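Trainee: Right, I'll just put the structure down here and ask away after.
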């Protein structure tokens, strides 16, 4: 097969070809590496590529497959990893000067689980610094560009992973999601992105932004691939105290193109003021398609506490970031400013020059919210709102099998357009961050275009209801062609 054909394969397509010996892992990995070489100068999706290591792993995978009776779905298939997930042999920078030279002494649990299937880790993807951003412009190294329009953002903070999958630089990628960082770039780049239930996937080895909100999840070309990656990475991990000992189903078993009788709610609060007409139109068309497929649609669904989610999130997440990022003091690891006369000055200068402006903004917001005299007025109140939002989701799922919303209120915006207006930047996540506050799962799937600019639809499920939202996403995907469109670079 030609290199271009190889780089458009899904996991399940590549798996069948590998099993039948029609292609090899080395061929697949070389095609991905060539694709990276061809398009990186345009999109800037990657921070590190380990060509020699990837090809050695591919050779070992091919040798294994020559004698193995049962080959795992991810064996021999190249992947890219968001640079917030620890990898023992590859730098983990978090898109920050603070960790520019940091090499983790261990693999994250999700990396161990990919390696157990003999997956090929090709490298690490660009991201907003410490996962704080909605556009991938807050990387300390360079912004990533949207392959559908190079003048626009790919979304963030997992923008590099979304672009890598969209362009064929890897067959799939891992991202992390604190307030929409998998789903929003998935919507902006026309790929599939799943934020699992909090506790469904181990956070061990995920460098923390906001520990009560962060989750690792897959970014793939189609829903089947998403289920296959979830099969590999989901499950309890004793090293993560927030990991839930809940049985892991085979997510592929619910991939049936039948949603007859399912009741889907469309909460009106998610069609916020400022939602673009093209996004509204695409969502309406998608909802009508779900109705044609047999789902019962209720447009009167309501989640009134949603309007408080943005404010609550931007108290809770910065507060946790303020505590988590206190460890970067220039002493234990990472960047250290040597030009200082004492320890206090050294720490202050390390944080001044090691962190970028958005990270410093959120640390200051969080420190303020946690400070004496303001803790109850801000942080404690936000925690109470969080409880109300969680209870509201619980009540909604007593009535509905899933909720349908836009992934983002807008199409991808121009690079630089919102950099001087943090509030407008934060509004990019207004449809996604309530899901993290509630701890429930949600998936973004391709649902249309405004010209050549992708539009995503979000499907929200009950806790540990990934099977249900994957089933709905699969049925919609089988009835549409949006996921088959690819950007021309």
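Here, each number is a calculation from the coordinates, and none is a lab measurement. Here the structure is a predicted model, which means the values were calculated and not measured. Note that each Cβ is placed from the backbone with ideal geometry, even for glycine, and that neighbours are counted across all protein chains shown.
Trainee: With an 8 Å cut-off on Cα pairs and a minimum separation of 6 or more residues, tell me the relative contact order of the chain in percent.
Mentor: 17 percent
Trainee: Something else now. When only Cα pairs under 8 Å and 6 or more residues apart are kept, what is the percent relative contact order across region 259-386?
Mentor: Across region 259-386, relative contact order equals 27 percent.
Trainee: Calculate, in whole percent, how much of the Cα-Cα pair population of region 212-253 lies beyond 16 Å.
Mentor: 42 percent
Trainee: I would also like to ask the following. Using the beta-carbon distance between residue 367 and residue 19 and R0 = 51 Å, what value does 1/(1 + (r/R0)^6) give for FRET efficiency, to the nearest 0.05?
Mentor: 0.40
Trainee: Using only the Cα atoms, work out Rg/Rh for region 403-472, with Rh taken as the Kirkwood radius, to two decimals.
Mentor: 1.03
Trainee: Considering only C-alpha atoms, what is the centroid distance from region 116-133 to region 196-262, in Å?
Mentor: 16 Å
Trainee: Can you tell me the length gained on complete extension of the stretch residue 417 to residue 390, counting 0.36 nm per residue apart and subtracting the Cα distance?
Mentor: 6.4 nm
Trainee: Using 1/(1 + (r/R0)^6) with R0 = 30 angstrom and r between the beta carbons of residue 260 and residue 285, what's the FRET efficiency to the nearest 0.05?
Mentor: 0.90
Trainee: Here is a further query. In Å and on Cα atoms, what radius of gyration and Dmax does region 432-485 show?
Mentor: Over region 432-485's Cα set, Rg and Dmax evaluate to 12.3, 36 Å.
Trainee: Sorted from largest down, give the three principal axis spans of the alpha carbons of region 1-143, whole angstrom values.
Mentor: The Cα atoms of region 1-143 stretch 45, 32, 25 Å along the principal axes, largest first.
Trainee: Place the peptides 199-205, 325-331 in order of packing, highest mean first, counting for every residue the other Cβ atoms within 10 Å and averaging per peptide.
Mentor: The peptides rank, most packed first, as 199-205, 325-331.
Trainee: Residue 480 to residue 331: FRET efficiency via 1/(1 + (r/R0)^6), r the Cβ-Cβ distance, R0 51 Å, to the nearest 0.05?
Mentor: It comes out at approximately 0.45.
Trainee: Mean projection of the alpha-carbon convex hull of region 274-419 over all orientations, in nm²?
Mentor: Mean orientational projected area (region 274-419, Cα hull): 13.1 nm².
Trainee: How far apart, in nm, are two points set 7 Å out from the Cα along the Cα-to-Cβ line at residue 302 and at residue 376?
Mentor: About 3.3 nm, to one decimal.
Trainee: Let me ask something else about it. For a footprinting-style exposure proxy, rank 148, 482 by other Cβ within 10 Å, fewest first.
Mentor: Neighbour counts put them in this order, fewest first: 482, 148.
Trainee: Over region 379-451, what is the relative contact order in percent, taking alpha-carbon pairs closer than 8 angstrom and at least six residues apart?
Mentor: RCO, region 379-451: 40 percent.
Trainee: If you don't mind, another one. Using the basic label-point model (7 angstrom from Cα toward the beta carbon), what is the residue 42 to residue 248 distance in nanometres?
Mentor: Computed distance between label sites residue 42 and residue 248 equals 3.6 nm.
Trainee: Among bridges DSSP assigns within the chain, what percent are antiparallel (round to 5)?
Mentor: Taking every DSSP beta bridge within the chain, about 70 percent pair in antiparallel fashion.
Trainee: Given 20 °C and 1.002 mPa s, compute D for the chain with the Stokes-Einstein relation, Rh being the Kirkwood radius over Cα pairs; round to the nearest whole µm²/s.
Mentor: It comes out at roughly 96 µm²/s.
Trainee: Using only the C-alpha atoms of region 1-67, find the volume of their convex hull and express it per residue in Å³.
Mentor: So the per-residue hull volume is 84 Å³.
Trainee: Right, something else. In nm, to one decimal, how far is the residue 88 label point from the residue 272 one, both placed 7 Å along Cα→Cβ?
Mentor: About 4.2 nm separates the two model spin labels.
Trainee: To continue, here is another question. When every alpha-carbon pair in region 180-325 is counted, what percent end up more than 24 Å apart?
Mentor: 48 percent
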